[in-house]
Amino acid sequence: MTPTEIIGAVAATLTTIAFVPQAHKVLVHKDTHSLSVGMYLIFTTGVLLWGVYGYLRDDWVIVAANAITGVLCLAILVIKVRNDGFRDVSR
């Protein structure tokens, strides 16, 4: 790996790991009251698009990191919508 690839891999790992505590809290406690469905819709879409971008560039570090984060985002989003619906999109 080149130094650039190492920096990218470390960055992808850290940003993916940083999301795990939030996902764990939501998945275990099912409490989504303080989360914004609008933010999660936008964030999940962005993560999925980053994954597509990584695929199109043949960059599997970007694909893997965003696939993991995307699964966690989608799980949180599903629980949020089940709990609260779309009534707080602007929150």
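Rule-based calculations on the coordinates, nothing more; no lab input. From a predicted model like this one, the values you see are computed outputs, not experimental measurements. Virtual Cβ from ideal backbone geometry, glycine too; neighbours counted across all protein chains shown.
Values as computed for the structure displayed
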{"item": "The one condition in (1) closer than 30 Å to Arg82 by Cα; (2) of a type outside the set (Lys, Arg); (3) more than 14 Å from the chain's Cα centre (by Cα); (4) not in a helix (DSSP H, G or I) that Val28 fails to fulfil", "result": "(4)"}
{"item": "Scan of the range 31-56 for residues that are of a type in the set (A, V, I, L, M, F, W, C) and assigned to a helix (DSSP H, G or I), ordered by number", "result": "Val37, Met39, Leu41, Ile42, Phe43, Val47, Leu48, Leu49, Trp50, Val52, Leu56"}
{"item": "Residue list for the range 40-60, filter: among the aliphatic types (A, V, I, L, M) and either out of contact with any helix residue (DSSP H, G or I) (no Cβ under 8 Å at 6 or more places or on another chain) or exposed (fewer than 13 other Cβ atoms within 10 Å of the Cβ) (or both)", "result": "Ile42, Leu49, Val52, Leu56"}
{"item": "Residues of the range 1-51 that turn out to be touching a residue at least 40 places away in the same chain (Cβ under 8 Å), within 13 Å of Leu72 (Cα to Cα) and not β-branched (Val, Ile, Thr), as a count", "result": "6"}
{"item": "Selection from the range 31-65 of residues that are within 12 Å of the chain's Cα centre (by Cα) and over 30 Å from Thr2 (Cβ atoms)", "result": "Met39, Tyr40, Leu41, Ile42, Thr44, Thr45"}
